[in-house]
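First comes the structure, then the notes that go with it.
The values are calculated or read from the model by the stated rules, or taken from the named source; none is laboratory data. Only a predicted model underlies this, so the values are computations on that prediction, with no experimental measurement involved. Using ideal geometry, Cβ is built from the backbone for each residue, glycine included, and neighbour counts are taken over all protein chains shown.
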Amino acid sequence: MTQRLSPEGPFPAAGFCRRLAATAYDLLLCIALLMVTTLLYKLAAMAIFGEARLRQLSDAGALDGDPLLSTLLVFVLFGFFATFWTRAGQTLGMQVWGIRVQNADGSAISLWQALLRFLVAVASWLCLGLGVIWVLIDRQKRSWHDIYSASQIVRLPRRG
């Protein structure tokens, strides 16, 4: 059963500036989340291997580009976005800027849609932001990740 999001109604598509502002807000939160995750990872590694052994590995360059840490950070980022998108349709940045991701019928997106959205959003930014700038070109104000995940970003009415 799909979860209905509140408030309900036909809302207009969110514009480029609101999306960008919400992204900037979420970027700050993600940086903090990644810093805390890295700290916890390093503390766990220190508890397992010991400080002296970690220092040896670090000096030898063996910890440069740690694939386990990199993988963990990607999963943490996906978990952050997927949790917010599939429950309330809004990350913290989206809440501040009054926008929400949803299906065309107003329901919350699925975990599969969140994964597609996340992966295509990363690709969109890696293409020098072209997939995000696409909002300015598309008549329905959709980015590549909106199109590919069959979801939409809408602007919610102000609470009054």
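Observations, loosely collected:
- Pairs with Cβ under 9 Å, 6+ apart, first in region 131-160 and under 17 Å from Asp105 (Cβ atoms) and at pLDDT 95 or above, second part of a loop (DSSP other than H, G, I, E, B) and of a type in the set (Val, Ile, Thr): Ser149/Ile109; Ala150/Ile109; Ser151/Ile109
- Cross-chain or 6+ apart pairs with Cβ under 8 Å, region 16-43 first and small (Gly, Ala, Ser), then assigned to a helix (DSSP H, G or I) and surrounded by 15 or more Cβ atoms within 10 Å (Cβ to Cβ): Ala21/Gly93; Ala22/Gly93; Ala22/Met94; Ala24/Gly93
- The set of residues in region 9-58 being assigned to a helix (DSSP H, G or I) and aromatic (Phe, Trp, Tyr) consists of Phe16, Tyr25, Tyr41, Phe49.
- Against the conditions (1) assigned to a helix (DSSP H, G or I); (2) at pLDDT 95 or above; (3) surrounded by 15 or more Cβ atoms within 10 Å (Cβ to Cβ), Thr71 satisfies every one except (3).
- Pair list, Cβ under 7 Å, 6 or more apart: region 90-114 residue within 14 Å of Gln3 (Cβ to Cβ) and in a strand (DSSP E or B), other residue β-branched (Val, Ile, Thr) and modelled with pLDDT under 95: Ser107/Thr2
- Flag for Thr38 being farther than 22 Å from Arg155 by Cα, surrounded by 14 or more Cβ atoms within 10 Å (Cβ to Cβ) and β-branched (Val, Ile, Thr): yes
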